[in-house]
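Accompanying notes for the structure given below.
Quick note: the coordinates plus some simple rules give every number you see, no bench work behind them. Keep in mind the model is a prediction, meaning the values are calculated, not measured. Neighbour counts run over all protein chains shown; Cβ positions are idealised from the backbone, glycine included.
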There are 2 protein chains.
Amino acid sequence: MAGGVADEVKLLGHWGSPFVTRVKLAFHLKGVSYEYAEEDLHNKSELLLRSNPVHKAVPVLIHNGRPICESQVILQYIDETFDGNLLLPADPHERAVARFWAAYIDNEMGAPWEKAYRARTAEERAEWMKQIVAAVDALEGGLRECSKGKGGFFFFGGGGVGYVDVVLGSLVPYVHAAVVLSGDRLFDAGRTPLLAAWLERFGELDLAKAVLQDVDKVVEYSRAIYARNAAGVTS
Amino acid sequence: MAGGVADEVKLLGHWGSPFVTRVKLAFHLKGVSYEYAEEDLHNKSELLLRSNPVHKAVPVLIHNGRPICESQVILQYIDETFDGNLLLPADPHERAVARFWAAYIDNEMGAPWEKAYRARTAEERAEWMKQIVAAVDALEGGLRECSKGKGGFFFFGGGGVGYVDVVLGSLVPYVHAAVVLSGDRLFDAGRTPLLAAWLERFGELDLAKAVLQDVDKVVEYSRAIYARNAAGVTS
């Protein structure tokens with residue numbers, strides 16, 4: 001296990017990126033100190049381009065000089081490398097269930113959400129948001145499954161925060177921002193009561209307070225992106 | 001570790017699916033016996049619908065009554081549950097590199113390839129194939145990185161077949177079929193010499209001979225799908 005004083009741990013990120021937020025959440029849970037470098041996504045650093053030549057995207061974790069890219073790959077690397085509570089469950093079947101839902105969140109919520117943020121019009125954006133709402137309905141069943149027999153429906157990891165909570169938790173400020181931006185209540189007490197309770201409970205964690213972005217700032221940031229898209233500015 | 005005589009291991013699959021092929025390759029590498037049930041994708045079994053209610057897709061592994069879905073989740077479950085050579089490397093950084101390229105293959109080659117197979121016209125299909133060719137060029141760099149210092153450029157896993165080889169190996173019959181179907185030489189001795197050598201070497205393995213589909217059958221199957229798409233038959 002690494003994480004000693006001599007370790008060099010550097011995270012290349014962008015404050016607005018939920019994919020970066022995940023890595024911050026994992027480090028906070030593990031109690032790992034790290035150096036953080038904010039990237040200008042319109043003028044990426046040489047270090048970023050050299051460390052992630054394939055995707056040229058944040059987050060990149062640089063551990064003792066070796067880069068690791070892609071947020072879920074980074075999370076699993078952190079879990080396997082640094083001491084502290086495991087993010088993934090110890091039982092192989094529970095691990096498989098957690099990996100299934102984490103992939104689901106990225107493919108069925110994250111991917112259309114990224115498309116929504118690239119949409120030129122509010123109508124186009126609304127179509128993508130509809131897909132996300134449908135995906136969230138299935139995720140409600142996932143939370144029921146993951147927390148079954150764990151004495152509570154509070155987290156995907158059962159009684160404590162785990163891998164899926166970190167992956168989904170990174171989207172929490174954007175879930176709140178969507179209510180303001182478009183009136184979309186993705187996690188709704190009527191439609192998805194477990195996820196609505198999860199949202200509240202996750203937000204109350206010290207972890208969330210320490211790491212998650214301010215919702216007003218996300219709303220402002222989102223509006224600036226929408227305006228740029230509407231004007232046809234490519235980034 | 002499981003894999004004893006008492007274990008019930010059942011795979012729900014479809015002969016044409018590369019995602020199912022991966023699971024077969026992993027079981028062959030680990031020497032695990034399993035029961036195989038071929039699904040009719042136009043009339044899916046109750047067992048499939050109950051075991052994978054979210055995606056309703058193959059492959060599904062049912063191990064001692066518990067379903068595991070999504071091919072890469074299944075591969076990692078097999079690696080963590082059954083005896084035999086590990087698919088993922090033991091070193092955490094090498095594991096991260098393998099997971100990165102495995103995700104890359106699915107996102108940058110698999111996803112556009114699925115879209116190519118849903119295209120209505122040959123022109124539309126050609127556009128998707130162009131994306132795949134560009135993705136393969138970057139993958140050439142991945143093979144160079146994964147096999148660095150491993151005494152040969154033969155496999156992503158270095159001297160032996162590993163996780164990325166299994167993920168990519170499942171596409172081998174489709175790589176050969178593309179030459180016949182559209183003239184696309186995805187792995188080319190001039191453009192991607194390492195991958196062209198990998199393709200030849202992978203095909204020579206007993207593993208490949210035992211598991212991979214016959215290329216002529218894949219060509220015929222693909223032509224039937226193209227014809228159905230052109231006629232506007234939804235499946």
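Let me check I've understood the local charge: for A:Asp79, count other residues with C-beta under 11 angstrom from its C-beta, Lys and Arg +1, Asp and Glu -1. What total comes out?
+1
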- Query: Stretch A:Asp216-A:Leu86 to full length: gain in nm at 0.36 nm per residue minus the Cα-Cα span?
  - Reply: 43.6 nm
- What FRET efficiency comes out for the pair B:Ala230/A:Val233, r = Cβ-Cβ distance, R0 = 56 Å, nearest 0.05? 0.90
- Query: Within 10 Å of each Cβ of B:73-81, how many other protein chain Cβ atoms are there on average?
  - Reply: 4
- Query: In terms of Cα to Cα distance under 19 Å, which aspartates and glutamates are near enough to A:Lys44, apart from those fewer than 8 places away along the same chain?
  - Reply: A:Glu35, A:Glu70
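Can you check how the C-alpha radius of gyration of the stretch B:9-81 compares to 2.2 N^0.38 Å, as a plain ratio? Mind dumping the intermediate values first?
Numbers: Rg = 11.1 Å, N = 73, 2.2 N^0.38 = 11.2 Å.
Here the answer is 0.99, to two decimals.
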- Task: Quantify how strongly other chains surround peptide B:53-60 by giving the mean number of their Cβ atoms within 10 Å of each of its Cβ atoms.
- Result: 2
- Message: With only alpha-carbon pairs counted, each pair once and no self-pairs, how large is the Kirkwood hydrodynamic radius of chain A in angstroms?
- Response: 18.5 Å
- Query: With the Cα gyration tensor of the stretch B:1-137 giving a ≥ b ≥ c as the square roots of its eigenvalues, does the rule (a/c under 1.5 for rounded; else a/b larger than b/c for prolate; else oblate) give rounded, prolate or oblate?
  - Reply: oblate
- Between A:Ala126 and B:Glu123, what FRET efficiency comes out of the Förster formula 1/(1 + (r/R0)^6) with R0 = 25 Å and r the beta carbon distance, rounded to 0.05? 0.25
- Task: Can you tell me the relative contact order of chain B? Whole percent, Cα pairs under 8 Å, sequence separation 6 or more.
- Result: 20 percent
- Item | Estimated FRET transfer efficiency when R0 is 25 angstrom, pair B:Leu49-B:Lys209 (beta carbons, to 0.05) | 0.15
- Message: Just to be sure I understand: with springs between alpha-carbon atoms less than 10 Å apart, which residue in A:Leu207, A:Leu29, A:Leu49 has the highest mean-square fluctuation in the Gaussian network model of chain A?
- Response: A:Leu49
- Item | Backbone N within the stretch A:92-106 under 18 Å of label point (7 Å from A:Ser182 Cα along the Cβ vector) | A:105-106
- Taking a ≥ b ≥ c as the square roots of the Cα gyration tensor eigenvalues, with a/c under 1.5 meaning rounded and otherwise prolate when a/b beats b/c or oblate if not, the stretch A:92-228 comes out prolate
- Task: Over 22 Å between C-alpha atoms is what I'm after, so list which of B:Lys24/B:Lys148; A:Lys115/B:Lys56; A:Lys24/A:Lys209; A:Lys30/A:Lys209; A:Lys30/B:Lys148 land there.
- Result: B:Lys24/B:Lys148; A:Lys115/B:Lys56; A:Lys30/B:Lys148
- Sorted from shortest, what are the nm distances separating the label point of B:Glu46 from equivalent points in the other copies, each placed 7 Å from Cα along Cα to C-beta? 6.6
- Two pseudo-spin positions, 7 Å from Cα along C-beta at B:Ala134 and at A:Asn64, lie apart in nanometres by 3.7 nm
- Task: Springs between alpha-carbon atoms under 10 Å, Gaussian network over chain B: tell me which of B:Ala208, B:Ala135, B:Ala189 tops the mean-square fluctuations.
- Result: B:Ala189
- Shielding of A:91-101 by partners, i.e. mean partner chain Cβ atoms within 10 Å per residue? 6
